[in-house]
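Bear in mind these aren't lab numbers, they're just calculated from the coordinates by the rules spelled out. Owing to the predicted nature of the structure, the values given are computational and were not obtained by experimental measurement. Quick reminder, even Gly has a Cβ in these numbers, built from the backbone with ideal geometry, and neighbours come from all protein chains shown.
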Amino acid sequence: MLRFDGATHRVWMKELPAAGASQAIELPLDPSFEVRAQAAHSLWRTLSGRSPGTPPSDHTPQRRQRLALVLRALDGRNEGETYRAIAEGLFGKKRIPERAWKTHDLRNRTIRLVQRGLALMRGGYRELLRPGRKDR
């Protein structure tokens, strides 16, 4: 671990470098490349005495709001609630129709929110770090 200006950076090295030796960063060309490159750039900026820059997980307000809905929907589902009960909790009981629930757009939206939450829970949470991805 490297500590600079109160921030902790976790760095894995095969072996400790000699004092003053140049270092290189190895980045696999995988779906997380862009995030890894941003993290490497942030580390380089910090080591150079500069501000680390904007964090890669800097989400738009809309994305944060959708993620909040996703997590609330997942919590409801994990508590054994029905899609209707989850929708009422998320969108308000007044917006949920008594009769046409099976074909209502909020039912479909609620199901998608729960499915997205389950995908995140099953390991898809790494997608949150990748810029430019939608929260389906």
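Prolate is the label for segment 61-129, because a/c, from the alpha-carbon gyration tensor with a ≥ b ≥ c as root eigenvalues, is 1.5 or above and a/b exceeds b/c. Charge tally for Leu90 (other residues, Cβ to Cβ under 10 Å; Lys, Arg +1; Asp, Glu -1): +2. Ordering Leu113, Gly89, Asn78 by the projection of their Cα atoms onto the charge dipole of segment 61-129, which places +1 on the Cβ of Lys and Arg and -1 on the Cβ of Asp and Glu, puts Leu113 at the extreme positive end. The relative contact order of the chain, computed from alpha carbon pairs under 8 Å that lie at least 6 residues apart in sequence, is 22 percent. A simple charge model with +1 on the Cβ of Lys and Arg, -1 on the Cβ of Asp and Glu and nothing else charged puts the dipole of segment 61-129 at about 240 debye relative to its Cα centre.
For the chain, lysine pairs with C-alpha atoms less than 29 angstrom apart, excluding pairs fewer than eight positions apart on the same chain, total 5. Here the sum of -39500 (n - 2.57) over DSSP H runs of 4 or more residues, divided by the residues of the chain, equals -14000 deg cm²/dmol at 222 nm, to the nearest 500. If only the Cβ of Lys and Arg carry +1 and only the Cβ of Asp and Glu carry -1, the dipole of the chain around its Cα centre is close to 720 debye. One decimal place: the segment Asp30-Leu71 gains 12.1 nm when fully extended, by the rule 0.36 nm per residue minus the C-alpha distance. For the chain, what does the alpha-carbon gyration tensor say about shape, rounded, prolate or oblate, given a ≥ b ≥ c as the root eigenvalues, a/c under 1.5 as rounded, and a/b over b/c as prolate? Verdict is prolate for the chain. Residues Ile96, Ile86, Ile111 in ascending order of nearby Cβ atoms (within 10 Å, fewest first): Ile111, Ile96, Ile86.
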